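The values are calculated or read from the model by the stated rules, or taken from the named source; none is laboratory data. Everything numeric in this text was worked out from a predicted model, so none of it was measured. Using ideal geometry, Cβ is built from the backbone for each residue, glycine included, and neighbour counts are taken over all protein chains shown. Note: areas computed on protein heavy atoms with side chains; ligands, DNA, RNA excluded. Shrake-Rupley method; radii C 1.70, N 1.55, O 1.52, S 1.80 Å.
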Amino acid sequence: MTLNALSPERVPEPILEVVRRLRGAGHRAYLVGGAVRELLRGVPTQDWDVGTSATPEEVLRLYPGAVVTGLRFGTVTIPTEAGNCEVTTFRIESGYQDARHPGQVTFVRELEEDLKRRDFTVNAIAWDPVAERVVDPMGGMADLGAGVLRAVGDPLARFREDGLRPIRAARFAATLEFEVEERTADALGEARGEVARVAAERVQDELLKMLRAREPSRGFEVLRRSGLLDVWLPELQECVAVPQNRYHAYDVYFHTIYTCDAAPVEKPVVRLAALFHDVGKPRTREEREDGEATFYNHQFVSGQMAEESMTRLRFGRDMIHDVVHLVREHMFDYRPEWTDAAVRRFMRSVGIENIADLFDLRIADNVGNGLKTGFPRALAELNARVTRIIEAQEALTVRDLAVDGTDVMRELGLRPGPAVGRILDQLLEEVLEEPSLNERERLLARIRAGFSVDTPGPAT
Ligand code: ATP
Ligand code: MG
């Protein structure tokens, strides 16, 4: 890759201003980390990190409105029009206690020392955009140009210091589309114990960043080849080398990660659903007499496993719910002979708001099986029927009915209670079957005609 020239014109004015003010007060100040990396790659960035010889107190004196986000670690966050600028005092870290939190931080006025503690050479380039001076003692620019991800210093020692780094290696391999340098790759699996001790929230964070790569499969492959996949994603490891049937070119694992690649990059929920949609296959696999494999009801086992996995990774309840729902629904089997009522029932159980995501998952699933690609014809037909039903505003939930609980109670002399809900559900079933019934007078007449459901007698 040819690198972009580092030019101050590419840095927003408020960020340049931070560097100028620090320099004006006699300190050294450099852009560091991801910002420099992305500028060199020509990729826009919102994330500005400045390394400085100024102590946090000195930074605060220049920016009294700034927020100390980690005084002990020397980080001060300056809000600017161009987003937050994180200013961190050059530091070295020593005496690691728990593989995540440095025991002791010594402020050093040496940039080179600061760069040595960084994880990968491509993240250890510093650039002063005012003096236009690049400091690159680790050879980060050469690695960036060559597409190589290389640990700074001794890879194993660095991974043992902080078990998040091997996971970040997988993440960067995916997002940058870089090859992991051989010694770095060899050390990844050796830090297994440290990787297992990382806080789940940090792993989740890296996983989500990995899922924003064009091809997350690159990252999963780094983890699998280094023997680290099972540490945080045992469900995925279980799929490795599990054979499928004649509809698939790949085993369950490769099918899964390619499905994830094929899911829309801007939809993390669909990418997560892709990652988990088939993890129940190994546990449901049965071989028929003719040698073909079946995976009956794997979607429900997958849903259960997705919930366990995402809970372990501390995902939020809503996200878990949405992913599990897509996983459980992904096996819908549309046929042209479905009646309109069947299409409406499908829409009711999926929920209109989830249908586009479910179709995206199914399309990705198709691409991921490696034999055929594109928008399957049957799905296009179902999509057209769904669109027509949405446009006709046909009732799909109890809320869409032309009557409500108050009507049911009044017409039948009922008190509030579960019976009212059951009657509304029954009305919805009938309306799903026959949308023309959804008129107020017709439904009131229908209510008066009575129900076979078990309802208590009239209120006294
Ligand atoms: P992005 O913002 O896209 O996630 P980034 O490179 O900016 O990428 P951050 O997590 O924001 O990554 O970290 C900023 C910089 O801090 C990194 O570029 C790296 O130099 C350093 N860094 C972050 N995490 C670690 C770590 N665990 N070990 C060593 N250095 C790290
Ligand atoms: Mg960053």
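Ignoring ligands, DNA and RNA, what percent of the 1.4 Å accessible area of segment 147-232 is carbon and sulfur? Using a 1.4 Å probe with all protein chains present, segment 147-232 comes out at 42 percent carbon and sulfur. Entry note, segment 398-450: relative contact order of 45 percent, from Cα contacts under 8 Å with a spacing of 6+ residues. Computed from the C-beta positions of Ser349 and Thr69 and an R0 of 45 Å, the FRET efficiency is 0.50 to the nearest 0.05.
How much of the calculated P(r) for segment 147-232 lies past 18 Å, in percent of all Cα pairs? Roughly 32 percent, rounded to a whole number. Remark: segment 398-450 carries 55 Å² of accessible area per residue (probe radius 1.4 Å; ligands, DNA and RNA excluded). Each of Leu371, Ile423, Ile167 was scored by the projection of its Cα onto the charge dipole of the chain, and the greatest displacement toward the positive side belongs to Ile167; charges sit on the C-beta of Lys, Arg, Asp and Glu.
Put a plus charge on the Cβ of each Lys and Arg, a minus charge on the Cβ of each Asp and Glu, and nothing anywhere else: the dipole of the chain about its Cα centre is then about 640 debye.
Sequence gap at least 6, Cα distance under 8 Å: using those rules, report the relative contact order of the chain to the nearest whole percent.
Relative contact order of the chain: 8 percent.
Leaving out ligands, DNA and RNA, and with a 1.4 Å probe, what % of the accessible surface on segment 398-450 is carbon or sulfur? Solvent-exposed carbon and sulfur of segment 398-450 make up 51 percent of the total.
For the chain, lysine pairs with C-alpha atoms less than 27 angstrom apart, excluding pairs fewer than eight positions apart on the same chain, total 6. Over segment 234-394, the hull volume per residue, using the convex hull of the C-alpha atoms, is 119 Å³.
Of all DSSP bridge pairs formed entirely within the chain, close to 80 percent run antiparallel.
Applying D = kT/(6 pi eta Rh) to segment 398-450, where Rh is the Kirkwood radius over alpha-carbon pairs, T corresponds to 4 °C and eta to 1.567 mPa s, the Stokes-Einstein value obtained is 120 µm²/s. Taking every alpha-carbon pair under 8 Å whose residues sit at least 6 apart, segment 147-232 reaches a relative contact order of 37 percent. Taking the DSSP bridge list for segment 12-90 and keeping only pairs wholly inside it, about 70 percent are antiparallel. Applying a DSSP loop filter and a limit of 15 other Cβ atoms within 10 Å to the trypsin sites (Lys or Arg not before Pro) in segment 142-233 leaves Arg197, Arg212, Arg214.
Across q = 0.14, 0.18, 0.20 Å⁻¹, segment 349-445 modelled as identical point scatterers on its alpha-carbon atoms has Debye log10 I(q)/I(0) values of -0.65, -0.85, -0.96, in the order of the q list. Taking only the Cα atoms of the chain, the ratio Rg/Rh comes out at 1.10, with Rh defined as the Kirkwood radius. Residues whose amide H comes within less than 5 Å of that of Gly70, counting only those at least five positions distant or on another chain, are Thr75 (H built at 1.01 Å from N in the peptide plane). Take segment 183-236 with all the other protein chains still there, run a 1.4 Å probe, and you get 42 Å² of accessible area per residue.
Report the full-extension gain for the segment Arg20 to Gln393: residue separation times 0.36 nm, less the Cα-Cα distance, to one decimal in nm.
Value of the extension gain: 128.3 nm.
For a test of the definition: using alpha carbon positions, the gyration tensor, and the 1.5 limit on a/c, classify segment 325-400 as rounded, prolate or oblate. Note, shape of segment 325-400 comes out prolate. Test of the criteria: in segment 250-290, which trypsin sites (Lys or Arg not before Pro) are in a DSSP loop and have at most 11 other Cβ atoms within 10 angstrom of their Cβ? Hits after loop and neighbour filter: Arg288.
The residues packed around Gly351, meaning those with a beta-carbon under 13 Å from its beta-carbon, carry a net charge of 0 if Lys and Arg are +1 and Asp and Glu are -1. Taking trypsin sites (Lys or Arg not before Pro) across segment 304-407, the ones in a DSSP loop with at most 16 further Cβ atoms lying within 10 angstrom of their Cβ are Arg314, Lys372. Quick one: grab the alpha carbon gyration tensor of segment 1-46, order the square roots of its eigenvalues as a ≥ b ≥ c, and give me rounded if a/c is under 1.5, else prolate or oblate depending on whether a/b is larger than b/c. Prolate.
Modelled spin-label separation between Arg410 and Glu434, with each label point placed 7 Å from Cα along the Cα-to-Cβ direction: 2.4 nm. Annotation: per residue accessible area for segment 237-381 equals 48 Å², rounded to a whole number [probe 1.4 Å, protein chains only].
With each label modelled as a point 7 angstrom along the Cα→C-beta vector, the Arg422-Ala199 pair spans 5.0 nm.
Residues of segment 251-278 with backbone nitrogen within less than 19 Å of a virtual label 7 Å along the Cα-to-Cβ line of Arg212, please, listed as ranges. Correct set: 260-275. Per-atom-type breakdown for segment 234-394 gives carbon and sulfur 49% of the accessible area (1.4 Å probe, protein chains only).
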